1. What is the one condition in (1) more than 23 Å from Q245 (Cα to Cα); (2) within 24 Å of the chain's Cα centre (by Cα); (3) surrounded by 14 or more Cβ atoms within 10 Å (Cβ to Cβ) that P302 does not satisfy?
2. Does Q35 satisfy the condition of being surrounded by fewer than 18 Cβ atoms within 10 Å (Cβ to Cβ), outside any helix (DSSP H, G or I) and of a type outside the set (F, W, Y)?
3. Would a scan of segment 323-331 turn up a residue that is over 30 Å from P277 (Cβ atoms), among the hydroxyl-bearing types (S, T, Y) and in contact with a strand residue (DSSP E or B) (Cβ under 8 Å, 6 or more places away or on another chain)?
4. Can you tell me which residue is least open to solvent (accessible area, probe 1.4 Å) among those in segment 233-277 that are assigned to a helix (DSSP H, G or I) and acidic (D, E)?
5. Among (1) touching a Gly at 6+ places or on another chain (Cβ under 7 Å); (2) more than 21 Å from V76 (Cα to Cα); (3) modelled with pLDDT of 95 or more, which single condition is L195 missing?
6. Which of the residues spanning segment 104-131 are small (G, A, S), open to solvent by 70 Å² or more (accessible area, probe 1.4 Å) and within 21 Å of Q144 (Cα to Cα)?
7. When both residues are 6+ apart or on different chains and their Cβ atoms are under 8 Å apart, which pairs have a first residue that lies in segment 48-72 and is assigned to a helix (DSSP H, G or I), and a second that is among the hydroxyl-bearing types (S, T, Y)?
8. Taking segment 127-158 only, how many residues are small (G, A, S) and under 23 Å from the mean Cα position of the chain (by Cα)?
Amino acid sequence: MIFSKAGFGGAVADFEAAVVAQDAKRSGKAFIRLQETFGRAKETELFAGGPRLAAVLEQVPPSPRAVVAVLVGACVERGADAERCASGVLAGLRAALEGAVAFGEAWAATGGGAFPVPDDGEPGEEIVGRTGFEAAVGWWTLSQWEMAAVALLNHRAVRAGLGGEAVRAGLDAEAVRAGLDEKAAGGGRGELLRLLTAVEQASGQELRCLSYALQVLDDEPLVVLHRPSATGYLLRLSGIGDNFQLHTLLADALIGGGHVAGRAPSPQEVAVCRETPGQVETAGSFELVAPDGGRLWNEGTPADIPVVDGVRLLVLDEPSYTRSWPAGRFFPGMRGDLILERALEPEETERWFARVSPAGELTG
């Protein structure tokens, strides 16, 4: 038997049994032991414990459920199978987002005002009285669900299981807010983005990590036009969290690969943008521009790059000013990659350039 009575494994077994039996007193004691013993857990306990906790999440009472989800995410970060844990955590995330949306609606209907800032305890009687308990818990625990979900979304297989049609189609927040149904919005991922957008609008607070994780693209074709050299390239990206990371990998592929002139990043700068831990100071090599001439900020994500004729299309101009930043990954647990598939033929490049605005003053 993997689990013993002592340690994290024993706490998982006790908690699992108590939750299934709906034994509140026993599950409360086991819940405390889960938190106390996690830091000393053995590898085998983490590997087995994460999926077992995820499997009973739906049966855990609302308030402690998010903490258990965080523990599941921590197990995944230390090697537990992310795919086996995904269903329970992502279902809980969706329920929390739905609760937070209901919280916003009830809050506005009962006088509005700034959203309360969640603390470590449960929402107070006054807040619950205005919005209802489940809605209040949804808002109160959302940051914990974000933490748990992002730990799982670091894994490509989990992202693939959620679908990505909404992101691949270039649907932005305005399109999602316009009322796309779940199927049109890309299934699970599109629905989570829709709910998240509604929460951010109502609360005025950004859940950036969750938003970016839900927008990560994998095996995504990208046409890049380098305006100074009038050349074009077909690339494919996966697991890139923000455009800072993309910028460095583009410079490596195009400048480091000898295709265009400019400053090539060092091997260390490139490595930390793929899978090496840490950060290394770097500097910009391009201006990232949308086909319509709008600026694409490094602070954004590759999902911001517009889709033209079914493919994301990015224009690279000379940088308008020198900018430096720490090269690395927005999601340290996510492997990023950008592959140069081929240089476009001159005729292809000309056809793509015909779809973009002429060089000029950047907008946005």
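The values are calculated or read from the model by the stated rules, or taken from the named source; none is laboratory data. Computed from a prediction, not measured in an experiment: that's the story for all the values here. For neighbour counting, all protein chains shown are included, and Cβ atoms are generated from backbone atoms with ideal geometry for every residue, glycine included. Only protein heavy atoms, including side chains, enter the accessible area calculation; ligands, DNA and RNA are left aside. Shrake-Rupley method; radii C 1.70, N 1.55, O 1.52, S 1.80 Å.
1. Among (1) more than 23 Å from Q245 (Cα to Cα); (2) within 24 Å of the chain's Cα centre (by Cα); (3) surrounded by 14 or more Cβ atoms within 10 Å (Cβ to Cβ), P302 violates only (1).
2. No.
3. no
4. E269
5. Here L195 meets the rest and fails (1).
6. A114
7. Hits for this filter: A54/S87; P62/T141; S63/T141; R65/T141; A66/T141.
8. So the answer is 6.
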